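A short write-up of the structure that comes next.
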Amino acid sequence: MAECVDKGRLEFGANLYETYHNHKEQMAYSIFALQGAFFIGLFLLGNWPPGVEALNREVLTFIFIVTWLLFHFALRFQLRNRRIAAILVSAFYDALMKETVATLEELPKTPGMIGVFIDQFLLPVRKSTWADPICLRDMENVQERRIPPCTLEAFDIFLLHHLKAAQDSWKGYAYPMEWATTLGSLFLLLVAMVRVWAA
């Protein structure tokens, strides 16, 4: 069947990125759980360990901020990659099952370096969502016509659609949970600072 020549490649991509997405999700929540155990446990300690008790507040603040940054950067890395994997999986499955019309819609914006840095390390920035467009072919020459499912051209069209949707809305691609987890991480830093300065 001519229109399904790329079905095997699309199924392989969908399975690969679905596994990758699930791995990133498990890693993100594991990191968040470890971070929570560390900082909540720190807050609930009745007494400081003897070696820590001798340190002044400024040194403790520096130590806990560095520790928090390591947790937070790892968390953001996992969450951002999970979001990008979700976009790719959605595009693969749509390309396998849906017929589409090739049109020159408004393309997703290529993110700036500052937005990518903030999205990667600090807070979610939806305008910086981008899946590396190696797979995108020459979209400027697309003419309006029906694209059958199970083709790489359909994947290109759907990937552009999902990238644009991820840049335009906070509702999909697990953004609300990403924000909740990221803000939870910031709250844990606040917990640590209260513990240090109230001691």
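On the basis of the beta-carbon distance and an R0 of 22 Å, Val66 and Tyr29 show a calculated FRET efficiency of 0.45.
The Kirkwood radius of region 2-198, taken over pairs of alpha-carbon atoms, gives through the Stokes-Einstein law at 10 °C and 1.306 mPa s a diffusion coefficient of 84 µm² s⁻¹. All other residues with a Cβ under 14 Å from the Cβ of Met27 taken together, and with Lys, Arg as +1 and Asp, Glu as -1, what is their net charge? The answer is +3. In this structure the amide hydrogen of Ile147, modeled in the peptide plane, comes within under 5 Å of the amide hydrogens of Thr100, Val101, Ala102, none closer than 5 places in sequence on its chain. Once the Cα-Cα distance is subtracted from the 0.36 nm per residue extended length, the Leu16 to Met97 segment shows a gain of 27.4 nm.
Each of Ile114 and Gln167 was given a label point 7 Å from its Cα along the Cα-to-Cβ line. The distance between the two points is 1.8 nm. If R0 equals 30 Å, the separation of the Cβ atoms of Val59 and Trp179 corresponds to a calculated FRET efficiency of about 0.40.
Computed from the coordinates by the stated procedures, all read-outs in this text should not be read as laboratory data. As the structure is a prediction and not an experimental result, all values here were calculated from the model. Neighbour counts are summed over all protein chains in view; Cβ atoms, including those assigned to glycine, are modelled from backbone coordinates with ideal geometry.
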